[in-house]
Amino acid sequence: MSTSAPIRPAAAGTAYDVRRVRKDFPILSRRVYGKPLVYLDNAATTQKPRAVMDAVRSLYETSYANIHRGVHHLSVESSEAYEKARETMRDFIHAGDTREIVFVRGTTEGINLVAQTYGRANVRSGDEVLISALEHHSNIVPWQILCDEKGAKLAVAPINERGEIRMDELEKRLSKKTRIVAVSHVSNALGTVNPIRKIIALAHERGVPVLVDGAQAAPRLPVDVRDLDCDFYAFSGHKMYGPTGVGILYGKAKHLEAMPPYQGGGDMISSVTFEKTTYNILPYKFEAGTPNIAGAIGLAVAADYMNALGIENIEAHENDLLSYGTERLSAVPGLRIIGTAREKAAVLSFTLEGVHPHDVGTVLDREGVAVRTGHHCAQPVMDFFKVPATSRASFALYNTREEVDVLVEGIRKVVEMFRP
Ligand SMILES: Cc1ncc(COP(=O)(O)O)c(C=O)c1O
């Protein structure tokens, strides 16, 4: 199967050569409205390298069957590939044990799983769950649902004008009542890289566990869950060049062991009678039903692909695009960059004086440039900056400085068109 074949990105083993990297992504050569596609909506989802698509296709063509249930040859092959993918993902985030790697649908499901299991078992009336004002809705709403059910309070650490968490305020809100802290590693709306190591240390000094939403960090930063010492870390495959519908929830074994199951069904049980069911060992206790087998295998290939390019190289490349993009966008009259954190990932959210972000997005689209416009599932962030929406360009390992130039030219056109 190609899933066991070594991943050789076009640029592996050379200095980071973005021209060669781009050759791995077939979609990047397409045109939109007759213009070359400039895909800058990577914080929403990333495009897929050929290696990922080949692995998924190869599984279906040669080795596909349901896993963990059959003695027949194909089932054994599929099961082995699925478990090998788990091992790859363990290594990707430097977890100590594959028992701590749960395949989920994505970040959203990972966070809901923790809220509904750890949260329901540990949060009681009068307790508090602490998040930050920078969170994606998927790291707000699951905790709100839990707090409503339990009569607990959702405490929120505010941000400053740069879009950074105010650490003094966060510390004040860490109280005897806090049962869990849930915070993003990197903000999708602004690109802020949060000081999660410090947040985890502060919480742990008070015996409070921490869940990290790693949706925007896993695609671009080295992640070492043991070094961070986080209790939970959730991320999505589709934002890190893998398939949709698959992601990872890392949890420390001591927590996962103690937590009740999330969903009931096949594979998560050890034995079932009408009187009593006993649950499977980790991580299967949290993987009810037939999982996204091909997705998991494709995700592992995406992780291999990123490793072969070098996560540090990816990070450096994106940082270069961020500084170049910040400099060029800042020179556009009437353009305001929202989110100017000192530690920032390659996300540029902006507003243009007198122009609605949807108009910005529509004009850019005609130029072949895909950006996201809206509240980016982070309405409290928009409220803080007193804007209804922003336009957001977010970069990935395959973007170029020339694409930033096309973006800037497109924005200049918007300015021309809407000049009073
Ligand atoms: C920071 C952050 N958290 C969570 C999510 C939710 O991810 P998913 O929709 O893949 O579950 C996103 C997606 O945009 C995100 O950017």
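For LYS198, the lysines whose Cα comes closer than 21 Å to its Cα, not counting residues fewer than 8 places off in the same chain, are LYS172, LYS176, LYS177, LYS252, LYS344. Sorting 400-412, 207-219, 112-124 by average packing, meaning the other beta carbons within 10 Å per residue, from highest down gives 207-219, 112-124, 400-412.
Think of the chain as a dipole: +1 on every Lys or Arg Cβ, -1 on every Asp or Glu Cβ, centred on the Cα centre; then among GLY191, ALA308, PHE418, PHE418 lies furthest on the positive end. Sequence-ordered 3J(HN,Hα) estimates for the range 262-267 from the Karplus curve with 6.51, -1.76 and 1.60 and θ = phi - 60° stand at 8, 10, x, x, x, 6 Hz, glycine and proline given as x. Each peptide in 194-205, 129-140, 238-249 gets a packing score, the mean of other Cβ atoms within 10 Å over its residues, and the list from highest to lowest is 238-249, 129-140, 194-205. What residue among SER394, MET259, GLY247 has its Cα farthest toward the positive end of the dipole of the chain, where the charges are +1 on Lys, Arg and -1 on Asp, Glu, each on the Cβ? Checking the options against the dipole of the chain, the answer is SER394. Computed from label points 7 Å out along Cα-Cβ, the spacing between ALA15 and HIS72 is 5.4 nm. Projecting label points 7 angstrom from Cα along Cα→Cβ for ASP405 and GLU61 puts them 3.9 nm apart. Here the range 265-420 is assigned +1 on the Cβ of each Lys and Arg and -1 on the Cβ of each Asp and Glu. Its dipole about the Cα centre then comes out at about 480 debye. Cβ crowding within 10 Å, taken as a proxy for footprinting-reagent exposure, orders SER394, SER187, SER29, SER330 from fewest neighbours to most as SER29, SER330, SER394, SER187. At full extension, ALA308 and ARG162 could sit 49.1 nm farther apart than now, given 0.36 nm per residue minus the alpha carbon distance.
Please check which bits of the range 87-107 a label hung off ASP227 would reach, taking the label as a point 7 Å along Cα-to-C-beta and the cut-off as backbone N under 18 Å. Under 18 Å, as judged by backbone N against the label point of ASP227, lie 89-97 of the range 87-107. Based on C-alpha pairs under 8 angstrom that are at least 6 apart in sequence, the range 254-313 has a relative contact order of 28 percent. When the chain is treated as a Gaussian network with alpha carbon springs shorter than 10 Å, the biggest mean-square fluctuation among LYS344, LYS285, LYS35 belongs to LYS35. Charge dipole of the range 42-83 (Cα centre as origin; +1 on each Lys and Arg Cβ, -1 on each Asp and Glu Cβ, all else neutral): 200 debye, rounded to the nearest 20.
Subtracting the Cα-Cα distance of GLU343 and HIS358 from 0.36 nm times their residue separation leaves 2.6 nm of extension gain.
Rule-based calculations on the coordinates, nothing more; no lab input. None of the values given here were measured: they were computed from a predicted structure. Cβ coordinates were reconstructed from backbone atoms using ideal geometry, including for glycine residues, and neighbour counts include every protein chain displayed.
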